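As structure tokens, the structure follows; a few thoughts come after it.
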Amino acid sequence: MRFMVIVKATEDSERGALPSQEMLEAMGAYNEELVKAGVMLDGDGLRPSSHGARVRFDDKGEATVVDGPFTETKELVSGYWIFDVSSKEEAVEWARKAPFRGGELEIRPFSVAEDFGEAFTPELQEKENQLREQNAQRQA
């Protein structure tokens, strides 16, 4: 099962404060452990919301763009990992090992085809698989 482990933003991360060398070394060691165990598929940090934008859609599908920064730090994301593990419990155990002091992680499973019911027809699933293959080839 794939899970996204979301690193919640802090006031420091939103200010653009860079992690210390000690923290970078600890994160590097943690990421190495995840990779060696075959758990980590991807992961990265994000720049502060002042570098981003939000696109909001009204009920007619009209889009409005709002540039950052955004005020609710507790609702923002500053990084992520993608874990491939056997259960939510295993994802939680790996997340508990993150070398953070303060902060918060959120763990959420990815949706799978069965989650969408009959609306996700075999034809739509095939098209989705083709797009994933194209993307994988592009990244290779």
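General remarks:
- J(HN,Hα) series, region 73-81, from Karplus relation 6.51 cos²θ - 1.76 cosθ + 1.60, nearest Hz, glycine and proline x: 3, 5, 9, 9, 10, 10, x, 7, 10
- Residue 25-residue 120 FRET efficiency (beta carbon distance; Förster radius 30 Å; 0.05 resolution): 0.10
- The amide H of residue 107, built 1.01 Å from its N in the peptide plane, has 6 as neighbours under 5 Å, considering only residues 5 or more places off or on other chains.
- Global form of region 16-64, assessed from the alpha-carbon gyration tensor, a/c cut-off 1.5: oblate
- Additional length obtainable on full extension of the chain from residue 128 to residue 92, 0.36 nm per residue less Cα span: 10.1 nm
- Under 21 Å, Cα to Cα: Lys pairs in the chain, sequence gap 8 or more or different chains: 6
- Part-to-part distance (alpha-carbon centres) for region 74-95 and region 1-48, which is given in Å: 10
- Taking amide H positions as modeled 1.01 Å from N, with prolines and chain starts lacking one, no residue 5 or more places away or on another chain lies under 5 Å from residue 120.
- The candidate values are (i) 88, 31, 27; (ii) 43, 37, 34; (iii) 50, 41, 30; the one derived from this structure for Cα extents along the principal axes in Å carries the label (iii).
- A Förster radius of 35 Å, combined with the Cβ-Cβ distance separating residue 41 from residue 71, puts the computed FRET efficiency at roughly 0.65.
- Annotation: amide H-H contacts under 5 Å for residue 79 (H modelled 1.01 Å from N, sequence separation of 5 or more, or interchain): 7, 46.
FYI, it's all coordinate maths here, none of it is from the lab. Quantities reported herein were computed from a predicted structural model and do not represent experimental measurements. With ideal geometry, Cβ positions are generated from the backbone for all residues, glycine too; neighbour counts draw on all protein chains shown.
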